[in-house]
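A quick write-up on the structure given underneath.
The values are calculated or read from the model by the stated rules, or taken from the named source; none is laboratory data. The model shown is predicted, which means the values in this text are computed figures rather than measured ones. All Cβ positions, even for glycine, are placed from backbone atoms using ideal geometry, and neighbour counts span all protein chains on display. We work out accessible area using only protein heavy atoms, side chains counted, and drop any ligands, DNA or RNA first. Shrake-Rupley method; radii C 1.70, N 1.55, O 1.52, S 1.80 Å.
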There are 4 protein chains.
Amino acid sequence: MTKTMKRWTLDTIGVDAALNLTETAVPTPARGEVLVRVKAVSLNYRDKLVRETGMGLPIQFPFVPASDMAGVVEAVGDDVTRFSAGDRVISTFHPDWIDGKPLGDARNPPYRTLGGFHTGVLSEYVALSEDWLVTAPNSLDHGEASTLPCAGLTAWFALVERGKIKPGDSVLVQGTGGVSLFGLQIAAAQGAEVFVTSSGPEKLARAKALGAHHGIDRNAGDWVEEVYRLTNDRGVDHIFEIAGGPNLGQSLKAVAPHGRISVIGVLEGFDISGPAGPLLLKSPVIQGISVGHRRALEDFVRAIDKIGLKPVIDHRYAFGEVPAAFDHLDHGAFGKIVIEL
Amino acid sequence: MTKTMKRWTLDTIGVDAALNLTETAVPTPARGEVLVRVKAVSLNYRDKLVRETGMGLPIQFPFVPASDMAGVVEAVGDDVTRFSAGDRVISTFHPDWIDGKPLGDARNPPYRTLGGFHTGVLSEYVALSEDWLVTAPNSLDHGEASTLPCAGLTAWFALVERGKIKPGDSVLVQGTGGVSLFGLQIAAAQGAEVFVTSSGPEKLARAKALGAHHGIDRNAGDWVEEVYRLTNDRGVDHIFEIAGGPNLGQSLKAVAPHGRISVIGVLEGFDISGPAGPLLLKSPVIQGISVGHRRALEDFVRAIDKIGLKPVIDHRYAFGEVPAAFDHLDHGAFGKIVIEL
Amino acid sequence: MTKTMKRWTLDTIGVDAALNLTETAVPTPARGEVLVRVKAVSLNYRDKLVRETGMGLPIQFPFVPASDMAGVVEAVGDDVTRFSAGDRVISTFHPDWIDGKPLGDARNPPYRTLGGFHTGVLSEYVALSEDWLVTAPNSLDHGEASTLPCAGLTAWFALVERGKIKPGDSVLVQGTGGVSLFGLQIAAAQGAEVFVTSSGPEKLARAKALGAHHGIDRNAGDWVEEVYRLTNDRGVDHIFEIAGGPNLGQSLKAVAPHGRISVIGVLEGFDISGPAGPLLLKSPVIQGISVGHRRALEDFVRAIDKIGLKPVIDHRYAFGEVPAAFDHLDHGAFGKIVIEL
Amino acid sequence: MTKTMKRWTLDTIGVDAALNLTETAVPTPARGEVLVRVKAVSLNYRDKLVRETGMGLPIQFPFVPASDMAGVVEAVGDDVTRFSAGDRVISTFHPDWIDGKPLGDARNPPYRTLGGFHTGVLSEYVALSEDWLVTAPNSLDHGEASTLPCAGLTAWFALVERGKIKPGDSVLVQGTGGVSLFGLQIAAAQGAEVFVTSSGPEKLARAKALGAHHGIDRNAGDWVEEVYRLTNDRGVDHIFEIAGGPNLGQSLKAVAPHGRISVIGVLEGFDISGPAGPLLLKSPVIQGISVGHRRALEDFVRAIDKIGLKPVIDHRYAFGEVPAAFDHLDHGAFGKIVIEL
């Protein structure tokens, strides 16, 4: 007698594509696979784009959305050596990127993720290759742990794996979405001086409560001038560029000589632009960040247990409330949106 | 009785600012300074911009243009230890940048160069701090050696000091100006596969004679598609972005995942722009290059003697022909324009 | 009707352990595996140690020795995507090390290689995971290609992947074994200044014919003083330390400030030792090299086709002459020992 | 009328060389120099070696010992731009090493320090080039600030500038001397997991109070086995090797694959030695650390103000008690020994 499970599926792509709670058989883990009882799923703005546009991906229907989950190993297939039943695990965003360089080429960039090229995790159970999973941190609950594979790792990869920030560096994050708040918390935990730009005093106050040293209200004037004032013209060493578009020009003005601008933004429909002068004279690195590899996620998990970082969750929805959780994506969030099972 | 010398000076800034051959006393080297008999000066497009616009620099009149020279030590001041009379030397573009990070801050980028913030070298003699000079390569004549401090070092700094290219990497240089041809030659000498984009078969043929493996005619269609075709979609690891403006978008399409785009271009009046998608998904580094430091110039000099690189000189002018040499800058050059004394 | 093949096997470990030519069934490639018709095998000194001591590895009998082969894909199992029949391939030494960091921990270092933890390749056919193979260079024959996975990659990993040598650097290789000669050729191809130490003028002459600039006879006096003399006291930037033992002390004297010593030596029974003074004051990096990862081997293959490097083979044996080839290991070789099938 | 000042001088080198409190004229700052009123001096074990052996340096008598001081700018010479009267400053250990690579060659390693090649700072006033000074941190008193130029920067340079440690890394420091305690505090502030080896429970308890997570009593058994036990065989990522000698062999066993061993030890009379096996198979970096450059000291000062690090001072002596302070060096200290003026 086959056991069944519930999962959320799409049968089409579009702005109004219906999210359906459907039933199917619980999968059996094949050789090298692990069956995971999903306990929490975290949404990203990208999940909205996939639902509404498909993002040019070869989507297979019925399609299960979402890339990030935390759960407990229920059973393991033959030859599995990294996990056993009862282990707490999280998923990886790019499952075939273990370390070093990703696969893909210039024409076909690497983008074989869960909840896109591969089917997603908004499901009571998932069966995944053991290579696609990482041990969850001990210090986080399932909801918190589910926020790490995409938003958390993006911030860690930009600041630590690529940016190699150190105590005393200055770091500026733009806005108070999930990646920005992770960036704020990681930078503060490493002894960096943290600047946050946002709109309105309430969000800035919350950002400061999380460890930011300076809040800059984007509505209150030119944020670059405020950076100059606060740093005595030194500028900031590392900027998290979220907004994209002509905002990059502002970041180029605000960055310190030989600093770094990590571009972490929405993929569709945007150009970046800015003046060549400061790019040449200050010679910063501008680097797009596409989440990160499994080895860095393992490093990040170890760090979380050590520094006590707690991901910021705006709201926790029940498994039955998935459509409401997607609606929340439309309105923006202070931190992450999580669905618990 | 004071010895006199000739030098070229400007008394004003402007498109038609007159270049005058004037006479002044040969300077006496102060403590820590070296008096150099200038034997060759190399021009850069930037020298034209300084003459015509001042580039916002605190120009002192009479102003001697040009940043790059090769010469012979005529005499040394007290406490000079690095050089003695008869040594062949070249100048450094950023004299106060010895190694590591440059001076300057976010509002005031580092740009204290010769022939700009400091007076220039288009003079029979110059007296400079011994720290501002580097031993010339043994294997180059004065004219060739004079091309290294700005154009040569820019290419070396981008490809070797920052880019750390290795045999088997692919490198694409845009155009056949001085920096691009240095990039071509350095990349070829390191066993990289070199692509050159230019307009017309004649320049491409000359580039191939210098070691390029592939010439792409920009007039013959979309150069990105040609890169895809030639690399079997792999893309190129390192792109020398000279043109600026929306061309960056093309470079973002042509670059391999985790590749590098060095932006080396004209400073004034240009924005860079391009699509966010490939920047995020392929995660290349985009880095402005502002020449380089003295330690890297010393490394480059050592390399030149070892690999036998000969800078490409489009034309050698006599000291009396400086106005004609500046006119040549307006028309573009295949390699460098040099003035010999 | 099962097809059979020949292979060389050991039934025991020991100085006199017999190498037997035995017959077995040609394997069928499982899901994800590739069947390779072996065309050449290259021996390493380590193969002798495994045969004589087992090196503490969990050897399974009958044991097939040797880690390095070149061959042609005969057939592929289900789900294989990286190769098809007729492709020329080479093996990887550490098959589970794709990029970045290897597996293993402090007590149990990473050492799961072919011809050791895994069975070896001295066999007419081998069936291996497609992930364990790399495309062979176009410019090498099978015998030459078989020398890359261990000796060639060790030199490339030390000098290029880790050492990031550049034109004008100085590189010193000790001796004329397989790894040293690869180091010599790679360094020369990148425009480095190459020093070789060896015993006797004949080997030095052959090393110079391969591209070394300076040969230092170890029997003719203190090689460190000779390095000082040849470099005008500057020292060498990168030393290939093969001998181990107190020789490291000499390398510490010869290395330039902030240089690099790659330790690439025999694993068993040796200590390294040297004076703390130059290690502190000159602050070089000393790094053990344990071959390298697959991504670097792929980079190296691409480089070989570009720079035209031809591995140095001391002698090519026929498949029936394997015992003679092992005897050759005892006497040392100028370059590599290869067995052709 | 010339103002006079007191300073401590040696007229000879030797185990019993007398430290004399002598009088001389307060120096006048030359062009480019700064006159500093010394407020605190910190001693290093090296000061004892210089006094007793001269360390092979070209000592000029009367010789003023000590390299590390904190003070207040009293006056500035012509052309000084980096400091003005009243600024709080600290000295730099290698005054001519600003950034990047140091001067020196293979035969003559870089070692032109204060209190050695240059005269020292155990004096009421010193006149030094403005390039030899760094702004003191706001958050430290003079005594604390005086401990940064040698001991503090050594730990920072090893862990941060070279080691690039990150949250979640494991760091092991050996002993409870000045450099080790700085290493402990820097590593803990960055979210690393810190192990300390020392002898006896009292020192270990004090180390834990400073932020160490694990104390290992060297008298209680094999510290490597204890590291294996505490890390579940993973080993430690970064080891501060202070003891030198055969202890390096233990560090090679304890280090994680691809980890780092920073050798920071006594310069005279010691060899390092260890087994080649783990050096090869785990491929760690072993790197001698010779303090660091001015740019890194400026980074460290900025970090100190941000992370609130307070250097550990074992005892503060008065200026008249210098001989007692030197005696204290003989007995070892928990942290630093400081002399206040």
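Residue count for the range B:106-162, restricted to those that are small (Gly, Ala, Ser) and within 14 Å of chain A (Cβ to nearest Cβ): 3.
Would you confirm, using the coordinates I've provided, whether D:Ala209 is open to solvent by less than 10 Å² (accessible area, probe 1.4 Å) and free of Cβ contacts under 8 Å to residues at least 60 places away in the same chain? No: the conditions fail for D:Ala209. Beta carbons closer than 7 Å, at least 6 apart along the sequence or on distinct chains, pair a first residue in the range A:165-189 that is among the aromatic types (Phe, Trp, Tyr) with a second that is assigned to a helix (DSSP H, G or I) for A:Phe182/A:Ala151; A:Phe182/A:Gly152; A:Phe182/A:Ala155.
Of the set (1) part of a strand (DSSP E or B); (2) exposed (fewer than 14 other Cβ atoms within 10 Å of the Cβ); (3) not basic (Lys, Arg), all apply to D:Val15 but (1). Residues of the range C:14-48 that are over 21 Å from C:Gly320 (Cα atoms) and hydrophobic (A, V, I, L, M, F, W, C): C:Ala30, C:Val34, C:Leu35. Please verify whether A:Leu210 is in the same structural domain as A:Asp169 (by TED's automatic domain parsing), aliphatic (A, V, I, L, M), closer than 22 Å to A:Gly335 by Cβ and in contact with a helix residue (DSSP H, G or I) (Cβ under 7 Å, 6 or more places away or on another chain), treating the condition exactly as stated. Taking the combined requirement at face value, the residue satisfies it. Here D:Pro201 meets the list (1) open to solvent by 30 Å² or more (accessible area, probe 1.4 Å); (2) within 11 Å of chain C (Cβ to nearest Cβ) almost entirely, failing just condition (2). Restricting attention to the range B:40-58, the residues being closer than 30 Å to B:Phe334 by Cβ, in contact (Cβ under 8 Å) with a residue 40 or more places away in the chain and open to solvent by 10 Å² or more (accessible area, probe 1.4 Å) number 9. For the range D:304-329, residues that are open to solvent by 40 Å² or more (accessible area, probe 1.4 Å) and under 30 Å from A:Ala212 (Cβ atoms) total 5. Here the range B:268-282 is the region considered, the condition is being open to solvent by 10 Å² or more (accessible area, probe 1.4 Å) and of a type outside the set (Asp, Glu), and the residue that is modelled with the lowest pLDDT is B:Gly269.
Scanning the range D:248-302 for residues that are outside any strand (DSSP E or B), closer than 30 Å to D:Ala145 by Cβ and at the interface with chain C (Cβ under 7 Å from one of its Cβ atoms) turns up D:Gly265, D:Leu267, D:Ile289, D:Ser290. Of all the numbered requirements in (1) part of a strand (DSSP E or B); (2) open to solvent by less than 10 Å² (accessible area, probe 1.4 Å); (3) not small (Gly, Ala, Ser), D:Arg37 misses one, and that requirement is (2). On the stretch given as the range B:322-340, residues that are in a strand (DSSP E or B) and over 12 Å from B:Trp8 (Cβ atoms) total 5. Determine if the range B:18-35 includes at least one residue that is of a type in the set (Val, Ile, Thr) and within 20 Å of the chain's Cα centre (by Cα). No, that holds for no residue.
Taking the condition farther than 29 Å from A:Glu161 by Cβ, outside any strand (DSSP E or B), of a type outside the set (Asp, Glu) and under 21 Å from the mean Cα position of the chain (by Cα), does B:Leu309 pass? Judged against the criteria, B:Leu309 is a match. Among the residues that make up the range A:134-141, is at least one of them at negative phi, modelled with pLDDT under 95 and of a type in the set (S, T, N, Q)? No. Do we have any residue at all in the range A:46-54 that's farther than 18 Å from A:Arg112 by Cβ and assigned to a loop (DSSP other than H, G, I, E, B)? No, the range A:46-54 contains no residue that is farther than 18 Å from A:Arg112 by Cβ and assigned to a loop (DSSP other than H, G, I, E, B). Take B:Gly245 and tell me if it is under 21 Å from the mean Cα position of the chain (by Cα) and more than 29 Å from C:Val160 (Cβ to Cβ). It is true that B:Gly245 is under 21 Å from the mean Cα position of the chain (by Cα) and more than 29 Å from C:Val160 (Cβ to Cβ). The residue that is surrounded by the fewest Cβ atoms within 10 Å (Cβ to Cβ), among those in the range C:81-122 that are without any contact (Cβ under 8 Å) to a residue 12 or more places away in the chain and either touching a His at 6+ places or on another chain (Cβ under 7 Å) or farther than 26 Å from D:Arg234 by Cβ (or both), is C:Ser84.
From the list A:Glu130, A:Glu144, A:Glu74, pick out the single residue that is in contact (Cβ under 8 Å) with a residue 24 or more places away in the chain and open to solvent by 60 Å² or more (accessible area, probe 1.4 Å).
A:Glu74 is the lone residue from the list that is in contact (Cβ under 8 Å) with a residue 24 or more places away in the chain and open to solvent by 60 Å² or more (accessible area, probe 1.4 Å).
The rows are residues; the columns are (1) within 14 Å of chain B (Cβ to nearest Cβ); (2) surrounded by fewer than 24 Cβ atoms within 10 Å (Cβ to Cβ); (3) closer than 20 Å to C:Gly335 by Cα.
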site	(1), (2), (3)
C:Ile165	yes, no, no
C:Val173	no, no, yes
C:Gly215	no, yes, yes
C:Glu225	no, yes, no
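In contact (Cβ under 8 Å) with a residue 40 or more places away in the chain and either in contact with a Ser or Thr (Cβ under 7 Å, 6 or more places away or on another chain) or more than 10 Å from every other protein chain (Cβ to nearest Cβ) (or both) - does that describe any residue in the range A:227-236? Scanning the range A:227-236, I find at least one residue that is in contact (Cβ under 8 Å) with a residue 40 or more places away in the chain and either in contact with a Ser or Thr (Cβ under 7 Å, 6 or more places away or on another chain) or more than 10 Å from every other protein chain (Cβ to nearest Cβ) (or both), so the answer is yes. Only one entry in A:Phe319, A:Phe334, A:Phe326 is within 28 Å of A:Gln190 (Cα to Cα) and of a type outside the set (Lys, Arg), namely A:Phe334. Within the option set A:Val80, A:Val41, A:Val72, being of a type in the set (A, V, I, L, M) and under 25 Å from A:Phe157 (Cβ atoms) holds for one residue only, A:Val41.
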